[in-house]
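Let me begin by presenting the structure, written as structure tokens, before commenting on it.
The values are calculated or read from the model by the stated rules, or taken from the named source; none is laboratory data. Remember, it's a predicted structure, so these values are computed and weren't measured experimentally. Counting neighbours? That spans all protein chains shown, and the Cβs are built from the backbone with ideal geometry, glycine included. We work out accessible area using only protein heavy atoms, side chains counted, and drop any ligands, DNA or RNA first. Shrake-Rupley method; radii C 1.70, N 1.55, O 1.52, S 1.80 Å.
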Amino acid sequence: MNITICFDKLDPAPWVQGLQQAFPGATVSAWTPGAPPADHAIVWAPPQQFIDEQPGLQTLFNIGAGVDALLQLKLPPALKVVRLDDAGMSVQMAEYVCHAVIRYFREFDGYDADTQLGKWSYRKPRSRADFAVGVMGLGVLGERVAKALQVFDFPVNGYSRSPKDLPGIRCFSGAQALPEFLAATRVLVNLMPLTAETENILNKGTLSQLQPGGYVINVARGKHLVDEDLLALIASGHLAGATLDVFRTEPLPADHVFWQQPKITVTPHTSARTLREESIAQIVGKMQALQRGEPIRGVVDHQRGY
């Protein structure tokens, strides 16, 4: 079995070494233009040239949870695209979102501002019952986030394209249920896959349906959010603020208004990073399952986009 690794702006050497150690029966190499054909590939933002030069590929393993950029390439119809199920990302995402929700709920940003002024202050405790959290996207990451939020006794709503049944979580599904989901939500967490249908889904129309004083946490893709609409709703007072980890342009340009908006917390796309050892173990396990003719999880539906 020949395995090639093609990364954009990432050093493939540790992955080549780790994969070779985990799968000694395979031949593993980093891709260069004109390289010999491979059976499987592990990729991050590969160029179209790579796809064109590897017509015999059976599977394309993406080292991130999102595959929107990969599906923009011209891919052979029979090529199996596989995304990571978790590989250590879900617990990181749960940490990040719980921190953002609690920071907003407990008004720690206000305490931070006061301490900078040397001010000793108290704020009246708020009721969790008034801070329902809605998780948009109930895949592996979304489900883990929703379950983690339950630990802190927040009412948790979940929204997905197809019906889900998660204990203790009020689940909504389908486009017709989106308004009801938003109206029941004060803190909105976006974990939707980016597709033609979900691009710009966080806009004036949808965000206006959140409960007054709502808060937005976007940890999916920057193209989900209409920046100007978020800023306008914060300025109007309908939204209390946002925590944003993803942006339309990354790194976020130095002159972008988000940097200067005190009610927006910016982090550099770090909510859930790919962990190499866990990813390699998962990918090797899936390759071995394919060798045995067994089905694997994470195969992307090209039509649905995830």
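At-a-glance table
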quantity: Condition met for Leu60 (in a helix (DSSP H, G or I) and either under 19 Å from Gln288 (Cα atoms) or modelled with pLDDT under 95 (or both)); calculated: no
quantity: The lone exception for Ala184 - which of (1) farther than 16 Å from Ala129 by Cβ; (2) among the small types (Gly, Ala, Ser); (3) out of contact with any helix residue (DSSP H, G or I) (no Cβ under 9 Å at 6 or more places or on another chain) it fails; calculated: (1)
quantity: Hits in region 117-138 - residues which are open to solvent by 10 Å² or more (accessible area, probe 1.4 Å), touching a helix residue (DSSP H, G or I) at 6+ places or on another chain (Cβ under 8 Å) and assigned to a loop (DSSP other than H, G, I, E, B); calculated: Trp120, Ser121, Arg123, Arg126
quantity: Filter result for the condition that a residue is touching a strand residue (DSSP E or B) at 6+ places or on another chain (Cβ under 8 Å), of a type outside the set (A, V, I, L, M, F, W, C) and open to solvent by 10 Å² or more (accessible area, probe 1.4 Å), over Pro76, Pro24, Pro12, Pro33; calculated: Pro12
quantity: Search result, residues across region 209-254 that are polar (S, T, N, Q), under 22 Å from Arg161 (Cβ atoms) and assigned to a loop (DSSP other than H, G, I, E, B); calculated: Gln209
quantity: Long-range neighbours under 9 Å by Cβ, at least six apart or interchain, first residue closer than 14 Å to Glu95 by Cα and acidic (Asp, Glu) within region 132-152, second open to solvent by 10 Å² or more (accessible area, probe 1.4 Å) and at pLDDT 95 or above; calculated: Glu143/Lys164; Glu143/Leu166; Glu143/Ile169
quantity: Residue match in region 92-105 (condition: among the acidic types (Asp, Glu), modelled with pLDDT of 95 or more and within 16 Å of the chain's Cα centre (by Cα)); calculated: yes
quantity: Glu277, sole failed condition from (1) charged (D, E, K, R); (2) open to solvent by less than 70 Å² (accessible area, probe 1.4 Å); (3) under 23 Å from Arg144 (Cβ atoms); (4) assigned to a helix (DSSP H, G or I); calculated: (2)
quantity: Set Gly158, Gly168: member being in a loop (DSSP other than H, G, I, E, B) and of a type in the set (Gly, Ala, Ser); calculated: Gly168
quantity: Pair list, Cβ < 6 Å and 6+ apart or interchain, from region 63-77 residues that are at pLDDT 90 or above to residues that are open to solvent by 30 Å² or more (accessible area, probe 1.4 Å) and assigned to a loop (DSSP other than H, G, I, E, B); calculated: Ile63/Thr274
quantity: Filtered residue count, region 171-198, keeping only those that are of a type outside the set (Val, Ile, Thr), within 22 Å of the chain's Cα centre (by Cα), surrounded by 14 or more Cβ atoms within 10 Å (Cβ to Cβ) and assigned to a loop (DSSP other than H, G, I, E, B); calculated: 5
quantity: Index of the failed condition, Gly237 passing every other in (1) at negative phi; (2) out of contact with any Phe, Trp or Tyr (no Cβ under 8 Å at 6 or more places or on another chain); calculated: (1)
quantity: Condition met for Lys164 (surrounded by fewer than 17 Cβ atoms within 10 Å (Cβ to Cβ) and not polar (S, T, N, Q)); calculated: no
quantity: Total residues in region 16-56, condition assigned to a loop (DSSP other than H, G, I, E, B) and out of contact with any Gly (no Cβ under 8 Å at 6 or more places or on another chain); calculated: 16
quantity: Filter result (open to solvent by less than 60 Å² (accessible area, probe 1.4 Å) and either in a loop (DSSP other than H, G, I, E, B) or touching a residue at least 60 places away in the same chain (Cβ under 8 Å) (or both)) within region 282-304; calculated: Gln282, Ile283, Val284, Lys286, Met287, Leu290, Ile296, Gly298, Val300
quantity: Single residue of region 88-116 satisfying the filter (part of a helix (DSSP H, G or I) and of a type in the set (Gly, Ala, Ser)) that is surrounded by the most Cβ atoms within 10 Å (Cβ to Cβ); calculated: Ala100
